[in-house]
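Following: one structure in structure tokens, then a few remarks.
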Amino acid sequence: MNDENTKEPQDKAVDEEVAREMEGVPEHLREGAGDEEAADEALEDALASLRGDLEAAKQDVLYARAETQNVRRRMEKDVQDARNYAATGFARDILSVADNLARALDAIPSDQREDDKLKGFIAGIEATQRELEKVFNQNGITRIAAKGMPLDPNQHQAMMEIPTDDAEPGTIVQEMQAGYMLKDRLLRPAMVGVAKKPD
């Protein structure tokens, strides 16, 4: 009688199950299925390779996450800078209006300031100047301190040296044009005259 026919149906099912599981096993492992040592080594190699791949994938994910955070921070900073400094060009242009108002007030002789006919006109110019300064402050535009301060090349532009004994050399003794900051950025340097020792 044929051996195949004498096997019980349960043994046949087990053989079929083993055959199905062996289909996914690489050929070199199927051939050496009886050799447990070779199979264990191959399994360890496969696990080591998978661990290496997993570690590399973890590193890639960490790098990608860090890069995403950097891009997000840069974008947030760019958006914040755009909000803070969007009006820089307009602010520079409006400084000339402030300069002209100051010149107009400086040009009025003291005797005309007491003239009743001109008092209202002068008061109007002064009120306009105060309102402009208020708007500057609301928008983070501040005047740079100059006269009596030591020269700061980050905020002042020296236009000339003035020989004098009344101030230390390098001290600002004259301001020709006011300088302004927009928040923490220089909008326009103050143009100044700096003290030097007389010859």
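Of note:
- Verdict on Val79 being surrounded by 10 or more Cβ atoms within 10 Å (Cβ to Cβ) and closer than 30 Å to Met176 by Cβ: no
- The stretch 105-129 residues that are without any contact (Cβ under 8 Å) to a residue 24 or more places away in the chain, paired with ones that are polar (S, T, N, Q) and in a helix (DSSP H, G or I) (beta carbon under 9 Å, 6 or more apart): Leu118/Gln112; Ile122/Gln112
- Residue match in the stretch 47-65 (condition: at pLDDT below 90, under 21 Å from Arg188 (Cα atoms), part of a helix (DSSP H, G or I) and not polar (S, T, N, Q)): no
- Flag for Asp99 being modelled with pLDDT of 90 or more and surrounded by 11 or more Cβ atoms within 10 Å (Cβ to Cβ): yes
- Members of the stretch 156-199 found to be under 18 Å from Ser96 (Cβ atoms) and in contact with a helix residue (DSSP H, G or I) (Cβ under 9 Å, 6 or more places away or on another chain), listed by number: Gln177, Ala178, Tyr180, Leu182, Leu187, Arg188
- Test result for Thr68, farther than 19 Å from Asp184 by Cβ, hydroxyl-bearing (Ser, Thr, Tyr) and under 20 Å from the mean Cα position of the chain (by Cα): yes
- Residues of the stretch 162-185 satisfying the condition of being surrounded by 13 or more Cβ atoms within 10 Å (Cβ to Cβ) and aliphatic (A, V, I, L, M): Ile162, Ala167, Ile172, Val173, Ala178, Met181, Leu182
The values are calculated or read from the model by the stated rules, or taken from the named source; none is laboratory data. None of the values given here were measured: they were computed from a predicted structure. Reconstructed Cβ throughout: ideal geometry from the backbone, glycine too, with neighbour counts over all protein chains shown.
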